[in-house]
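What follows is one structure encoded as C-alpha cells, with my remarks underneath.
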Amino acid sequence: MENEKMNSENASNAQGEGVNRRDFLSRSALAGAGLALSPLSWAAAKNETSSAALQKPKAMNRRRLGSLEVSALGLGGLSVVGFYTGDVREQRQVNRLYREAFDNGVTLFDTAEVYGPLINERQVGEAVAPFRKEVVIATKFGFDVDPETGERRGLDSRPKTIRRAVEGSLKRLKTDYVDLLYQHRVDPNVPIEDVAGTVKELMQEGKVLHWGLSEPGLNTIRRAHAVQPLAAIQNEYSPWTRDPETGVLPLCEELNIGFVPWCPLGYGFFADAINENTRFSEGDFRAILPRTTPENIPQNLEMLYYIEEWGLHKNATASQITLAWLLAQKPWIVPIPGTSKSVHLRENLKADSVKFSAAELKAFNDGLSKIEIAGAKNAKPVMEAMGVEAPPKG
C-alpha cells in the first residue's frame, strides 16, 4: 500500500447525522475541539495567513529523491482502482484526473503491480501516455503475482520474479523504462544484495532509472544502498504515525535518500472523510484498521480537530495542513496522496502553498505529541511486513 490515503469520497459510507468537517472554514469556531493553540502559534498563524493557500497553484515546487527531481507532491493510484470504496474508475475519468494533475505541476505518479492487481498500472500507463517523457512513473515489485489472473501468492523477490514483474509493468505502463522502481516489501527469504543486484542489472539495461524500498528494516537500507544507491524510501508517515522521525528519516538524511510518505492523510482520516458515525462498506480495509474502529474514532478525532484549528488560522483545510506539515519536515520528503476526484486533487495540491515557519512547526509538533492516539498504527498483517530485515547473503 502506498498512499493508502484516501480523500473524502472514500468514506465508504455514512457520515450519518455527523458533521462533515470539510466545511469547517465557514464557521467562526470549532465546537468541542478541546485543544487550543499556544500563544506563539496563534500569533504566528495570524501573521502568516494568506489567501494563497486557496488559490490554484501556477507551478509546483520541485524536490529531489536522491538524484531524481520530482514535484513536491505526487499522486497515488489506489483510489482510482477502487481499493477502498466504489468500483474501478472509468479510464476516461482517470485520464482527466491525471491530465489535471499534470497541468497543475504534478510529475510523480505512483502505482504498483499489486494495485488491482495489474489494473492500476494499465490505468496510469494510458493516462500519462500523452506526456510520458515529462513525468516520473514509480511502480513496485515484490509479490508473486500471476501475470494472467492477477492472483497474488505472497512475497517473492527472487531475481526471476523481479524480472517477470518488471517486464509486465513495462507492458502495462506502455513504456520502455520505469523511472522509480520499489521493492514493495522486503522478502525475508531473499538477501537484499540479490535484489539490489538484479535491479542494478535492469538499470544497466535501461529498463529502470532509479530504485527504492518500501517499509524496509534500517540495516536492509544500508545493505541495499551499498550495492546500488537508493533514490527513495516509501513508508507510512502522517500526524498519527510518526515513527519514521526517529529511525528511517535520519538514515535517509545520512545517505542522501529521499522519503515518500504513503498514507499521508491517514486513510482519509485527515482528509475529513471519517467521523463518529462512519460505517465502512464490506471489503473496505479501514473496517479492520485499529484507529478507525467505532470505539477508537472519538478519541482520535481530537487530532483532526487540532489540525483543523490550525487550518482556521492559516486559511487551509485539514488535508492541506497535514500535507504542508509533512513537506515542512525535510526538503526531500514527497507525499503521494491519492484521490479519484478533481476537487480533492485541487485541494491537496494547494498544500504546496501553505508554509510553516520554524516556530510554527515546533508549536505544531509540540501539540501533536500531547494527543493520545487510540489503536495500533495499522492492521496486524500490514505491520508484520514493516521493518523486516532481509536475510544475510550466504
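Read-outs throughout are calculated quantities, based only on the coordinates presented, and are distinct from any laboratory measurement. Just so it is clear, the model here is predicted, and its values are computed rather than measured. Note: ideal-geometry Cβ built from the backbone for every residue, glycine included; neighbour counts use all protein chains shown.
Which numbered condition in (1) surrounded by 15 or more Cβ atoms within 10 Å (Cβ to Cβ); (2) hydrophobic (A, V, I, L, M, F, W, C); (3) within 24 Å of G258 (Cβ to Cβ) is the only one that V145 fails?
Of (1) surrounded by 15 or more Cβ atoms within 10 Å (Cβ to Cβ); (2) hydrophobic (A, V, I, L, M, F, W, C); (3) within 24 Å of G258 (Cβ to Cβ), only one is false for V145: (3).
Looking only at the stretch 253-278, count every residue that is in a loop (DSSP other than H, G, I, E, B) and either out of contact with any Phe, Trp or Tyr (no Cβ under 9 Å at 6 or more places or on another chain) or surrounded by 24 or more Cβ atoms within 10 Å (Cβ to Cβ) (or both) and tell me the total.
Kept after step one, since they are in a loop (DSSP other than H, G, I, E, B), are these residues of the stretch 253-278: 256-257, 263-268, 272-278.
Applying the additional criterion that residues be either out of contact with any Phe, Trp or Tyr (no Cβ under 9 Å at 6 or more places or on another chain) or surrounded by 24 or more Cβ atoms within 10 Å (Cβ to Cβ) (or both) yields 263-268, 272-278.
Of the residues in that region, 13 qualify.
Out of the helices (runs of 4 or more DSSP H) lying entirely within the stretch 279-394, which hold 1 or more residues that are among the charged types (D, E, K, R)?
On the way: elements: 297-314, 318-329, 342-349, 358-369, 380-384.
Output list reads 297-314, 342-349, 358-369, 380-384.
Out of curiosity, is I233 of a type in the set (A, V, I, L, M) and in a helix (DSSP H, G or I)? Spell out how you get there, then give the answer.
Working: of a type in the set (A, V, I, L, M): yes; in a helix (DSSP H, G or I): no.
Judged against the criteria, I233 is not a match.
Inspect the stretch 214-230 for any residue being within 23 Å of the chain's Cα centre (by Cα), without any contact (Cβ under 8 Å) to a residue 12 or more places away in the chain, over 22 Å from E384 (Cα atoms) and surrounded by fewer than 24 Cβ atoms within 10 Å (Cβ to Cβ) and give the result as yes or no.
Checked against the condition, which is being within 23 Å of the chain's Cα centre (by Cα), without any contact (Cβ under 8 Å) to a residue 12 or more places away in the chain, over 22 Å from E384 (Cα atoms) and surrounded by fewer than 24 Cβ atoms within 10 Å (Cβ to Cβ), the stretch 214-230 yields no hits at all.
So T175 passes all but one of these: (1) free of Cβ contacts under 8 Å to residues at least 40 places away in the same chain; (2) assigned to a loop (DSSP other than H, G, I, E, B). Which condition number does it fail?
(1)
Under the condition of being more than 20 Å from the chain's Cα centre (by Cα) and closer than 19 Å to P188 by Cβ, which residue from the stretch 198-213 is surrounded by the most Cβ atoms within 10 Å (Cβ to Cβ)? Before the answer, list the steps.
First, the residues of the stretch 198-213 that are more than 20 Å from the chain's Cα centre (by Cα): 198-209.
Restricting the remaining residues to those that are closer than 19 Å to P188 by Cβ gives 198-199.
On the way: T198: 24, V199: 27.
Looking at residues that are more than 20 Å from the chain's Cα centre (by Cα) and closer than 19 Å to P188 by Cβ, I get V199.
Identify, please: which residue in the stretch 231-250 is of a type in the set (A, V, I, L, M) and touching a residue at least 40 places away in the same chain (Cβ under 8 Å) and is, among those, surrounded by the fewest Cβ atoms within 10 Å (Cβ to Cβ)? So that I can check it myself, show each step before the final result.
So the first thing to find is which residues in the stretch 231-250 are of a type in the set (A, V, I, L, M), and the list is 231-233, 248-249.
When the remaining residues are screened for being touching a residue at least 40 places away in the same chain (Cβ under 8 Å), the result is 231-232, 249.
Working: A231: 24, A232: 25, L249: 21.
Residue satisfying both the conditions and the ranking: L249.
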